[in-house]
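Enquirer: Let me begin by handing over the structure; questions about it come next.
The values are calculated or read from the model by the stated rules, or taken from the named source; none is laboratory data. Keep in mind that this is a model prediction, so the values were computed, not measured. Don't worry about glycine lacking a Cβ; one is built from the backbone with ideal geometry, like all the others, and counts go over all protein chains shown.
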């Protein structure tokens, strides 16, 4: 068998091994109760690195992007980026046996990719086809995998062991990366970076208050992330507050 033909099964086997390890380590961890942070010392070191990256790179870049690029253009780029994430959400909808969500996200992707000019515009929302956001971290939750320990990831920010695995699998299995052209994937990567800068700009006051005005920005960011994520996974109404720490590192 050629190396090209074997790359897919090899990737799936590696992902399966990661998921299996997560199940073994996270199932025993308490879920939705308190804060499980055995790696706090290391996490705080990563947090300080992330703050330095935000202070020296992300915040100034986002200010430049937000102040020079008109809001309608920034919105179009963000919609284009979000549209490319929809096929991956459909995969997760199917893995979670949520047929209605899969249908809505599929219809939204098809409409916005055609009438909406590759997602630059959002005609799907005009007819009530709103994004049913999900990811592989939620899929693991549906399968009964516990959230595991809290971790802070370089560049990506707050997470849990379960969601860390979810991020890896989402990247590896997103049909956008597997089926689309190199040019479209490259455009999607650029749009994703621009979307991060746009979100950092849009939520700058709230994010700055958490990162630079909190008595303990690590503890504040950890609490906000865990509360927000647990609300999301309950499948109920969204919390009344926003998660300011998630935005600058969202993928």
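Enquirer: If residue 36 satisfies every condition in (1) at pLDDT below 95; (2) closer than 28 Å to residue 95 by Cα; (3) in a loop (DSSP other than H, G, I, E, B) but one, which is the exception?
Expert: (1)
Enquirer: Which residues, taken from the range 67-109, are closer than 18 Å to residue 128 by Cβ and outside any helix (DSSP H, G or I)?
Expert: 98
Enquirer: Identify all residues within the range 66-123 that are touching a residue at least 24 places away in the same chain (Cβ under 8 Å), farther than 21 Å from residue 192 by Cα and in contact with a helix residue (DSSP H, G or I) (Cβ under 6 Å, 6 or more places away or on another chain); write none if there are none.
Expert: Across the range 66-123, the qualifying residues are 93, 95, 96, 101.
Enquirer: What number of residues within the range 158-199 are farther than 27 Å from residue 98 by Cβ and buried (at least 16 other Cβ atoms within 10 Å of the Cβ)?
Expert: Residues that pass the stated criteria total 5.
Enquirer: Let me ask you something else. Just the residues that are assigned to a loop (DSSP other than H, G, I, E, B) and under 23 Å from residue 210 (Cβ atoms), please, taken from the range 110-162.
Expert: Correct list: 133, 135, 147, 149, 154, 155, 156.
Enquirer: Separate question: Could we say that residue 63 is at pLDDT 95 or above, over 21 Å from the mean Cα position of the chain (by Cα), more than 13 Å from residue 194 (Cα to Cα) and in a helix (DSSP H, G or I) here?
Expert: Criteria not met by residue 63.
Enquirer: For residue 243, only one of the following conditions fails: (1) out of contact with any strand residue (DSSP E or B) (no Cβ under 7 Å at 6 or more places or on another chain); (2) modelled with pLDDT of 95 or more. What is its number?
Expert: In the conditions (1) out of contact with any strand residue (DSSP E or B) (no Cβ under 7 Å at 6 or more places or on another chain); (2) modelled with pLDDT of 95 or more, residue 243 misses (2) alone.
Enquirer: Residue 44: over 26 Å from residue 119 (Cβ atoms), touching a helix residue (DSSP H, G or I) at 6+ places or on another chain (Cβ under 7 Å) and modelled with pLDDT of 95 or more, yes or no?
Expert: yes
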